[in-house]
Amino acid sequence: MTDTDALISIRKVKKAFGSFQAIEEVSMDIGRGEFFSLLGPSGCGKTTLLRMLAGFENTTEGEIFIDGHAMSDVPPHHRPVNMVFQSYAIFPHLNVRDNIAYGLRKRNLSRAERYEMVDEMLDLIKLPGYGTRRANELSGGQRQRIALARALILRPKVLLLDEPLGALDKQLREQMQLELRALQRQVGITFVFVTHDQEEALTLSDRIAVMSGGRVLQVDTPERLYERPVSRAVAAFIGNMNFFRGTVRRNGSASGLVETEGLGNIPLPLDRLTRPDGAPVQVALRPEKFTLSRTRPEGALAVAGRLSNAAYLGERSHYYVSIDGCATPVAVSSPNLGVGRGLAPPTPEDGPLWLSWSPDAVVLLDAD
Amino acid sequence: MSDGTYIKRPNRPLQVYAVIFLIVLYVPVLFIPLFSFNDSIYVRFPLEGWTLKWYGELWQREPVWNALWNSVRVGVVVAVISTILGVIAARAITRYRMPGKSALVTFIMMPLVIPGIIFGVALLVLLSRMGIPLTLYTVGLGHLIVCLPFAVATLLPRFEGFDPSMEEASADLGENGWWTFWRVTFPMVFPGVVASLLLTFTISFDEFIMAFFLTGTDPTLPMYIWGQLRFPQEFPSVLALSSLILFVSFILVFLAQWIGRIGLDETKKS
Amino acid sequence: MADTTLAGKADSEADPPRRSGRLAGFLHRSETARGYLLISPTLAIMTVGIIMPFLILLVLSFWTRQGFGFDTTPTFNNYIRVWTEPIFGALLQRSFWISGIATVATVLLCYPMAYFVAFHVHRNKMLWIILMTLPFWTSYLLRIFAWKVILGYEGVINSGFMAMGWIQAPLEFLLYSQTAVIITLAHAWAAFAILPLYVSLEKIDKSLLEAATDLGDGPVARFLRVTLPLSMPGVIAACFLIFIPTTGDYVTPALLGGPDGAMIGNFIQLQFGAVNNWPMGATLSIVLMLWIAAIALVFLFLTRRAQARIT
Amino acid sequence: MDILDQLGAVREGKLSRRRFTQGLLSAGVAMTMVPAGARRVMASEGDQATYFTWGGYDIPELFGEYQAKNGALPNFSVFGGSEEALTKMRGGFVVDVSHPCNQALPRWVASGLFQPIDPSRLSHWADVMPELIDLQGNDAGEGKVWMAPFDWGQSSITYRTDLVELPNGEESWDILWDPKYAGRLGSLAAGADAWWIGAIKAGVPFDQLDTDEAFEKIAAVMREQRPLIRTYTDDTTTLEQALASGEMVAALTWNSSAALLRSEGVPVAFAKPKEGALTWVCGVVIHKDAPNIDRAYDVIDSLLSVETGQFMINDYGYGHSNRKSFDSFDEEMLSGLGLSKNPIEVLQAGHFQIPQSQDWETRMNELFEQIKAGF
């Protein structure tokens, strides 16, 4: 991404609350029109970072640029950003229309013009005719849409969303995710979205910043985050992952392999073995990258184990397979394609099972 | 300030205002202890000299102690009764469906918005028509009526914020109504009970207008002070007593804060 | 109903269920009855303390004083006197004027303080609240007295100003005047303003303020458009809690008001004391109450309207 | 309106139970330390007589004899004006002994609330000045009286000798009507004093007070005075302080104010107005339902004792009804207080209040209150 594309530039930003370091040192760029998510467990600093973008928290060090302007001295009400609050912060003393029109005060619009804009927004968020409802007559999903409309009506350069779907039930949340994504495409505004729900982040985002303990661990597209995490923390946070200890063995410049505890030797091309000979590494493999079979598969990397536990989840099943040299059983996720059509799922009584995988699926991470 | 958020960032003029406000609030009150050390029976500037004799004299002024004791007795009894009635009423209001509930609440709250003098004279007329002599009990009755709305108002939010399923859980675990109240309900509303006791005691202790009409032989402390305002010889002793009361309440409040702080630290450590 | 199942459970374990009396059974079944039973002691006291005295007061207001007793022939004479003699109207007006000014002053002065504690004090909020209410633990009479010392002829203000050369002779309007009554009332009732104001401000969700800022409001606009409207319940409560009781006050005006500071409360008290005309005193009390009710209703109506206008 | 909610502020009293118990503990310690005196009071409460009197008379110095005999002080109840007291007793308030003054005596007696006093039960009765016993309406027949006279004195002007220039070098009621001192004059608030002074000033003889003309004349005088008055008050401390600070230069007071101010070194004099001062006698009466009749007589006897009398003269500057009380004082000192060993001199030099009817009292008070309020 080039600098000209960046709408938001966060440069070496640090934030301390007293002696507590909430943000260690963060630098990143967020592009125009991007749906960007900040993902991490609670307390990781994602909300603090969002609030710094909005101006509710100042930076202890570093600078935030929005559209090329330094934001340090710009108070929240002068920033070209608007926010959808976690609690939605719908003004209880105003009706829906006045809530949505709240920010239009300074725009010197006639009442008719304002109401027209509000009605357009109400159409956009699919709540036409709700203008005169009072705030306390609204459901959670409706409040969320109003909060969205209230921010979007001001056409901000950036819309900040602080876990806006957290308070909704699962079905509504999924529906709102789709609508949110569609809405973002429709209005073309940069969205910065805070969530602790990895699935939500993967579903919605163009790019995701994974945060933990006040640091940004990785900024990448959902696919790359999943397939090529750069650290164990990222790998563990997004989806499930099996980890194996290993050591890099390079054979001159020709080929190389990783010696692992449990999976044996895994040959890898040198461009993926970026570490020196003898370096300790971690080998990470997603559960669905394993294939489970009762006999040793031909021509594939494979290891034998015993089934210790199984869970049937409908579309797929989870199996936990104990293998030698590995303390924890390996998690395997397998689609139930054949089950029910005469093929019996494996049981612990079946005797040894074979796990096989492709070297392409292997992720190499630094040892911890 | 690094840890100030935008909304909460310090506001210098407001801080200055707060300090001035507190000074204005306290200065008149602090004159009371100041003049209790003044070596003159007249309260005026400049002070004549420092003395502790009023405190010594206070020790021999039985009527002062008598009045204080009366006020304490009335205050304690009124605080306890109004809080008990408040607990019962608040529980009834929050727990049961009753037709006309809001009218009831309005009725109970009425003394809050009726001048005390009207209650005073109304009760005086009633008592005199019924031939009931004026005693500390009549003062207590008057104070009870003034204090009840405060007790209910203090306790209602406690009971409102109280999840009835807690009581159901206790019943489910085999406790009867009485023990459920003592083991579940009471501890949950306890802070409200404490607040109510403190508030009602304070109100009764300083109530003058009703007491003025309803006092018999035993003056409460405010009635006694009222009497002494006209007689300067006794007045410095009253100042001394009030300074002591002020001092003791300061100490108690700060002690409570301090103990609370220690308790907080302990819980933090563990 | 939950109760029956619970009762059944307890019974099945221990002795066979005791038959309860018909009354107990009724109470068990009817929530309303239980509720009223619980609240009845409170109601009884309030009835004895409010309704009965008021009825008597009302009856008395239609009687006439006669020597040591009363002429019990009902008559409107007292009310006619209150209506026709200018002194009563003037005293009522003065009482509402003094109380009104004192109320407005108290609420205006306390609002920033409550705001400060609600939004700018982050640790030890409780300590601040206690600090602000502690002065009210001293006797009200002595606080009035202290104001006398401050406002007096050789008082703190006068001697201070004279020492600084700002004034040549003591300011006499400070004491024994309506000013003195207003200042003292404002000081004495500050706690009754601060607490409701603080609670209503503290209850405001901070994210609403952030939302207002985020939507483009500066501090002033945010205060006017969000904070103030949302704290209106507290403002109204504070106004009522101060205005109504102070209109009937007679201690402060008696001690500090001087000849021009007398309020209706003083006159009511005199009717029951020196003037010894209880029926007249009862009439004045009833009239005062009716006026207060009327003013309160108008005030409520106006604030509702104002609030509707803002929104 | 959610007052309920508002007052929930207090619920924020985030006291934990433990903290509260600890608080109670310390409060308990404080409580046990403080009321050593209070407990004595409790012990004394028992069957002692109840004395319903003016504030300031509820002090141990007046009850040496009583205390010696009964081991404790009587119970006290205090009023600020005799009308207030009578109202309260008519409302059903029962006491043993109360304390009216001569001009109210017939009305008190007429209320039927009091019983005659049998002088033979009073050991000091023989020393009581007969002139003070022989008041209008005091004869209860059979040698009994309604009221045992106790204290007497004058209502006159206490003025700052350094700030007031006497008109023609004479002490006169004109001082309280002198526009020169506008805003620096004070007055007792009770019509029982002030109205009578108005009568003296207006030149209305006391035996003609009950006429409409008298009312008009006195009202005119009082209205003339009102704008000059800084404050009307029944609270003598206020007048004394104002005189001491120079806020007021002269005020209508009783003897005690002048006595006290002088003992504090304030240059004041208690005037002997050329028009004559207002003279009064107060005494004690026994309630008809007095529950402790014997102790009631003890109260009266104690009040009539010489020790009490000396205290009254020396500390309060009032006259006492026991002529022996005056023995230890010289004439010059008494004269400074507006007193004399021969009270009849003083009583005759001044204007002695004449009892009026209840209707007159009400009419006078109502009118005077209106005048004070500016109407």
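The values are calculated or read from the model by the stated rules, or taken from the named source; none is laboratory data. Please read all numbers here as calculations on a predicted model, not as lab measurements. Cβ sites come from the backbone with ideal geometry, for glycine too, and all protein chains shown count toward neighbours.
See the values below:
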{"read-out": "Segments classed as strands (runs of 3 or more DSSP E), wholly inside region D:93-203, with at least 1 members that are out of contact with any Phe, Trp or Tyr (no Cβ under 7 Å at 6 or more places or on another chain) and within 24 Å of D:Phe368 (Cα to Cα)", "value": "D:148-160, D:185-188"}
{"read-out": "Strands (runs of 3 or more DSSP E) (entirely within region A:1-106) containing at least 2 residues that are in contact (Cβ under 8 Å) with a residue 60 or more places away in the chain", "value": "A:6-17, A:20-31, A:35-39, A:81-84"}
{"read-out": "Residues within region D:342-351 that are of a type outside the set (D, E, K, R) and surrounded by fewer than 20 Cβ atoms within 10 Å (Cβ to Cβ), tallied", "value": "4"}
{"read-out": "C:Trp147 being farther than 23 Å from C:Pro245 by Cβ and either in a loop (DSSP other than H, G, I, E, B) or touching a Leu at 6+ places or on another chain (Cβ under 8 Å) (or both)", "value": "no"}
{"read-out": "Selection status of B:Glu62, surrounded by fewer than 19 Cβ atoms within 10 Å (Cβ to Cβ) and among the charged types (D, E, K, R)", "value": "no"}
{"read-out": "Residue list for region D:123-147, restricted to those being under 17 Å from D:Ser305 (Cβ atoms) and surrounded by 18 or more Cβ atoms within 10 Å (Cβ to Cβ)", "value": "D:His124, D:Trp125, D:Val128, D:Met129, D:Leu132, D:Ile133"}
{"read-out": "Unmet requirement for B:His143, which otherwise passes all of (1) surrounded by fewer than 24 Cβ atoms within 10 Å (Cβ to Cβ); (2) assigned to a helix (DSSP H, G or I); (3) not hydroxyl-bearing (Ser, Thr, Tyr)", "value": "(1)"}
{"read-out": "Residues (surrounded by fewer than 23 Cβ atoms within 10 Å (Cβ to Cβ) and under 22 Å from the mean Cα position of the chain (by Cα)) located in region C:103-128", "value": "C:Val104, C:Ala105, C:Leu108, C:Leu109, C:Tyr111, C:Pro112, C:Tyr115"}
{"read-out": "Lone unmet requirement of (1) facing chain C (nearest Cβ under 7 Å); (2) touching a Leu at 6+ places or on another chain (Cβ under 6 Å); (3) over 30 Å from C:Ala293 (Cβ atoms) for B:Phe21", "value": "(2)"}
{"read-out": "Residues within region D:53-95 that are within 19 Å of D:Asp294 (Cβ to Cβ), surrounded by 24 or more Cβ atoms within 10 Å (Cβ to Cβ), more than 16 Å from the chain's Cα centre (by Cα) and touching a residue at least 40 places away in the same chain (Cβ under 8 Å), tallied", "value": "4"}
{"read-out": "A:Leu180 vs. criteria in contact (Cβ under 8 Å) with a residue 12 or more places away in the chain and either in a strand (DSSP E or B) or touching a His at 6+ places or on another chain (Cβ under 6 Å) (or both)", "value": "no"}
{"read-out": "Any chance C:Lys148 is basic (Lys, Arg) and either out of contact with any Asp or Glu (no Cβ under 9 Å at 6 or more places or on another chain) or more than 9 Å from every other protein chain (Cβ to nearest Cβ) (or both)", "value": "yes"}
{"read-out": "Scan of region D:286-323 for residues that are within 14 Å of another protein chain (Cβ to nearest Cβ), within 18 Å of the chain's Cα centre (by Cα) and not small (Gly, Ala, Ser), ordered by number", "value": "D:Val299, D:Phe311, D:Met312, D:Asn314, D:Asp315, D:Tyr316, D:Tyr318"}
{"read-out": "Those residues of region C:252-295 which are part of a helix (DSSP H, G or I), of a type in the set (A, V, I, L, M, F, W, C) and free of Cβ contacts under 8 Å to residues at least 60 places away in the same chain, in sequence order", "value": "C:Ala254, C:Ile268, C:Leu270, C:Phe272, C:Met289, C:Leu290, C:Ile292, C:Ala293, C:Ala294"}
{"read-out": "Selection within region B:202-226 - within 9 Å of the chain's Cα centre (by Cα) and within 20 Å of B:Ile32 (Cβ to Cβ)", "value": "B:Thr202, B:Ile203, B:Phe205, B:Asp206"}
{"read-out": "A:Val219 vs. criteria touching a residue at least 40 places away in the same chain (Cβ under 8 Å), crowded, with 16+ Cβ neighbours inside 10 Å and either out of contact with any Gly (no Cβ under 7 Å at 6 or more places or on another chain) or in the same structural domain as A:Glu174 (by TED's automatic domain parsing) (or both)", "value": "yes"}
{"read-out": "Only listed residue being out of contact with any Pro (no Cβ under 8 Å at 6 or more places or on another chain), acidic (Asp, Glu) and within 24 Å of A:Thr221 (Cβ to Cβ), chosen from A:Glu24, A:Glu63, A:Glu57", "value": "A:Glu24"}
{"read-out": "Single residue of region D:241-251 satisfying the filter (more than 8 Å from chain C (Cβ to nearest Cβ) and touching a residue at least 40 places away in the same chain (Cβ under 8 Å)) that is nearest to the chain's Cα centre (by Cα)", "value": "D:Ala251"}
{"read-out": "Which numbered condition D:Ser120 fails, given (1) of a type in the set (Gly, Ala, Ser); (2) crowded, with 21+ Cβ neighbours inside 10 Å; (3) farther than 30 Å from D:Gly92 by Cβ; (4) at pLDDT 90 or above", "value": "(2)"}
{"read-out": "Qualifying residue in region B:109-127 (condition: within 10 Å of chain C (Cβ to nearest Cβ) and outside any helix (DSSP H, G or I))", "value": "yes"}
{"read-out": "Selection status of C:Leu197, in a helix (DSSP H, G or I), within 26 Å of A:Gln86 (Cβ to Cβ), within 12 Å of chain D (Cβ to nearest Cβ) and touching a Gly at 6+ places or on another chain (Cβ under 8 Å)", "value": "no"}
{"read-out": "Which numbered condition D:Ser98 fails, given (1) under 15 Å from D:Ser321 (Cβ atoms); (2) crowded, with 22+ Cβ neighbours inside 10 Å", "value": "(1)"}
{"read-out": "From C:Phe136, C:Phe145, residue being in contact (Cβ under 8 Å) with a residue 24 or more places away in the chain, closer than 25 Å to B:Val72 by Cβ and crowded, with 23+ Cβ neighbours inside 10 Å", "value": "C:Phe145"}
{"read-out": "Residue that is farthest from the chain's Cα centre (by Cα), among those in region A:118-128 that are in a helix (DSSP H, G or I) and surrounded by 18 or more Cβ atoms within 10 Å (Cβ to Cβ)", "value": "A:Val118"}
{"read-out": "Any hit, region A:360-368, residues being surrounded by 13 or more Cβ atoms within 10 Å (Cβ to Cβ) and of a type outside the set (A, V, I, L, M, F, W, C)", "value": "no"}
{"read-out": "Contacts under 8 angstrom Cβ, first residue in region B:181-197 being touching a residue at least 60 places away in the same chain (Cβ under 8 Å), partner outside any helix (DSSP H, G or I), 6 or more apart", "value": "B:Thr185/B:Phe162; B:Val189/B:Phe162"}
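Residues checked against (1) small (Gly, Ala, Ser); (2) surrounded by fewer than 17 Cβ atoms within 10 Å (Cβ to Cβ); (3) farther than 21 Å from A:Ala235 by Cβ:
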position: A:Gly252; (1), (2), (3): yes, yes, yes
position: A:Thr260; (1), (2), (3): no, no, no
position: A:Pro267; (1), (2), (3): no, yes, yes
position: A:Leu270; (1), (2), (3): no, yes, yes
position: A:Thr274; (1), (2), (3): no, yes, no
position: A:Gly278; (1), (2), (3): yes, yes, yes
position: A:Lys289; (1), (2), (3): no, no, no
position: A:Gly299; (1), (2), (3): yes, yes, yes
position: A:Val303; (1), (2), (3): no, no, no
